[in-house]
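The values are calculated or read from the model by the stated rules, or taken from the named source; none is laboratory data. Given the structure is predicted, the values throughout are model-derived calculations rather than measurements. Because the Cβ atoms are built from the backbone with ideal geometry, glycine has one as well, and the counts that use them run over all protein chains shown.
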Amino acid sequence: MTLVDMTHGNKFIIDKIEDKDTRLQALRFGISEGSEIECAGLMPGGPVILKKNLQEIAIGRRTAEKISVKKKGMI
Amino acid sequence: MSHCGQTEIDTELQADKKIVLAGNPNVGKSIFFNYLTGIYVSVSNYPGTTLDISSGKMGDAAVYDTPGVYGVGSINDEERVARDIIMSADIIINVVDASHLERDLFLTQQLIDLDKKIIVALNMMDEVEKNNISIDLEALEKELGVPVIPTTAAKNRGLDKLKHSIDQATKGNSIFTNNQELAEEVKNVESETGNKADALMILEEDENIRSQYSSLKTVPALREEIYTARRQRVDQITDQVLSYDQNTSQLARKIGAYMLKPVTAIPMLLVLLYIIYQFIGVFVAQTVVGVTEELIFVENYEPFVRNIIANTIGLENFFGQLLAGEYGILTMAVTYIFGLLLPLVAGFYFLLSILEDSGYLPRIAVLMDRLLQKIGLNGRAIIPMLLGFGCVTMATITTRLLGTKRERIISIFLLGLAIPCSAQLGVIAGLIAQLDVFYILVYVLTIFAVYVLAGTFLNKVLPGESSDLLIDLPPIRLPDLKNVFNKTYQQTAAFVKEAGPIFVLGAALITVMQKTGLLALITRGAEPITVNWLGLPAETATAFVMGIIRRDFGAAGLTSIALTPAQITISLITLTLFVPCIAAMMIMIKERNFKESVYIWFGSWITAFITGGLVNLLIF
């Protein structure tokens, strides 16, 4: 399951970020493997919007497809 | 040189101390800079405004503003510029958005790890209160090990205290205090560089700093380890100092969310475009310009000047014509700049400032991402594109915020080709608003089609892959009117300063060309193109000649020629696609190179005339 499979309001945990550059960029933004995130929106065929506390970032489709996630509670 | 709205200040100040403002994008650094030095720098609510370093003096110290970055490194130009200034700082004022601590403290921790003297300005405390977050300031100070001053810069709170606390800046608690392994690695490299900051940057795999030490043995690449340790440390700090009161949902957040739901976002964007059109195209371009251009300048100012010239040096000689003739420096040039273009440009920058400061721009970037991906760009490119409607010159500079060289080439070409700047757009809006919807549609769709085709073409032929979107969404804020007016004034004044001399020169050139018969020669020589191919009156050649100097100048030149609706549409299409203005060309050469710029210039010529002719053949 990757980020693009999320729907608005889903809470989940980042499982793995494949791409190294994306992983480092995301670390700076406060999103790392294991962090708890909420999906705050999804453009059809476009970016995914992530929310962590009050911070919102938008991630492009191609990148979002490379970030695998697991739903909260599914360990 | 000064280009639209950028304040450029001497970066080599003589001073005892070097104070550097550093922080994430859009946290209010420029307001601090303004307060400390008394120099105004434009302030906005979207990433990527400060691209050049601004500097000023505060007592004996030099103060530097830097582009907003999420970390010190070399991911893009902004980071490289910021890194060099940060590395050389004596004291760093780290401006932090208190409502985004998890994000912002990453940079703070990195600055601390770089062994710099730091003071933290914990800004936007009003947002924190509004969002019912509480921050344990004492704990934050203790964890970081540096002074933390709460501020709300936009409302002038805490600035005075910060200014008087700068000398208390200290070195804080680095991640190495609790990580023996990494501390050893830093020590190893430091023994060779003699400098802790450089040692850390080398371990963080910074190519530029690495290349300064050619004799250095191989060092381990530890960026990911260090970043992860830093992120863990920051999360640990925020867990300790932050507490949320969850049960509030506020209007701004709701509006922000609606701006991102396609069902509501697209109608909102369309309404916005309609408001922009009504404001610029109808209100400013017709009502306001009707007063300023017609009543003030053409009916009163021009006869007055002509009278004076006629009574002194006379109108019927070369100098009389140069000053007050058909293309007179004191008549036509002045009327165009102040009567016609000034209100349009001011109106546009007023709207753009509101858009910038409200935080809507990054959301438009998210909405447009999917479409822009098709022409090899990502949503971020919407920022230079929208800025391009203000001033293509300024927009060309902001293409630096795009991830790859490929994206920069595509967007600079599209900016030069198919984005009319505010001055030109204003004139176009004025001309087009008189026409039927049919002609307006033909114009808009043609320009859009050229834009998409050119973008698709470049996306196909340029090698490589464009970067993907990763953008921070600032909270929706109500723009501060004072800031909006201030910025409008700055940008408009910069426009007059830049465009004024070029207009005067252009007007003089046209008079000389007219007197020497060159204009008639060009008009006749261009007839196969203007009359036969484009179906326009021969004298529109003058407007095209003027358009080479500045595109808006050319569009303004059209206002004085009698044209049918079809002719207006075709000449506007051709002029919009026509060459970028001289200032834009100079910036393109500076930002890219001479060869690419010349390609763009001739590419525009060819595209403009082919498209104009095709529309003439196929539609009219």
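The figures follow:
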| read-out | value |
| --- | --- |
| Of all residues making up the range B:417-434, the number that are buried (at least 23 other Cβ atoms within 10 Å of the Cβ), aliphatic (A, V, I, L, M) and not in a helix (DSSP H, G or I) | 1 |
| Where a residue in the range B:506-535 is assigned by TED's automatic domain parsing to the domain that holds B:Gly554 and its partner, wherever it lies, is among the charged types (D, E, K, R) and assigned to a loop (DSSP other than H, G, I, E, B), with Cβ under 7 Å and at least six apart | B:Gly506/B:Arg550; B:Thr523/B:Glu539 |
| Every residue from the range A:44-58 that is modelled with pLDDT under 85 and either more than 9 Å from every other protein chain (Cβ to nearest Cβ) or in contact with a helix residue (DSSP H, G or I) (Cβ under 6 Å, 6 or more places away or on another chain) (or both) | A:Leu54, A:Gln55 |
| Residues of the range A:23-43 satisfying the condition of being facing chain B (nearest Cβ under 7 Å), in contact with a Phe, Trp or Tyr (Cβ under 8 Å, 6 or more places away or on another chain) and touching a residue at least 12 places away in the same chain (Cβ under 8 Å) | A:Phe29, A:Gly30 |
| Residue that is farthest from the other protein chains (Cβ to nearest Cβ), among those in the range B:138-149 that are closer than 22 Å to B:Lys163 by Cβ and either in contact (Cβ under 8 Å) with a residue 24 or more places away in the chain or touching a Cys at 6+ places or on another chain (Cβ under 6 Å) (or both) | B:Pro147 |
| Inter-residue pairs, beta-carbon under 6 Å, first farther than 17 Å from A:Gly30 by Cα and in the range B:70-81, second basic (Lys, Arg), 6+ apart | B:Ser74/B:Arg80; B:Asp77/B:Arg400 |
| Subset tally (residues that are in a helix (DSSP H, G or I) and either at pLDDT 90 or above or more than 10 Å from every other protein chain (Cβ to nearest Cβ) (or both)) for the range B:243-257 | 4 |
| Yes/no for A:Ile17 being of a type in the set (A, V, I, L, M), touching a helix residue (DSSP H, G or I) at 6+ places or on another chain (Cβ under 7 Å) and more than 9 Å from chain B (Cβ to nearest Cβ) | yes |
| Residue pairs meeting the criteria (Cβ under 9 Å; at least 6 apart or on separate chains; first exposed (fewer than 13 other Cβ atoms within 10 Å of the Cβ) and at pLDDT 85 or above, in the range A:1-21; second in a helix (DSSP H, G or I) and among the small types (Gly, Ala, Ser)) | none |
| Residues within the range A:59-75 that are at the interface with chain B (Cβ under 8 Å from one of its Cβ atoms) and either free of Cβ contacts under 8 Å to residues at least 12 places away in the same chain or in contact with a Ser or Thr (Cβ under 9 Å, 6 or more places away or on another chain) (or both), tallied | 4 |
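Every residue, every condition in (1) away from chain A (no Cβ under 14 Å); (2) closer than 29 Å to B:Tyr349 by Cβ; (3) more than 34 Å from the chain's Cα centre (by Cα), yes or no:
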site: B:Val241; (1), (2), (3): no, no, yes
site: B:Tyr301; (1), (2), (3): yes, yes, yes
site: B:Val305; (1), (2), (3): yes, yes, yes
site: B:Leu315; (1), (2), (3): yes, no, yes
site: B:Leu322; (1), (2), (3): yes, no, yes
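This table checks each residue for (1) crowded, with 24+ Cβ neighbours inside 10 Å; (2) modelled with pLDDT under 90.
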| residue | (1), (2) |
| --- | --- |
| B:Leu105 | yes, no |
| B:Gln110 | yes, no |
| B:Lys130 | no, yes |
| B:Asp136 | no, no |
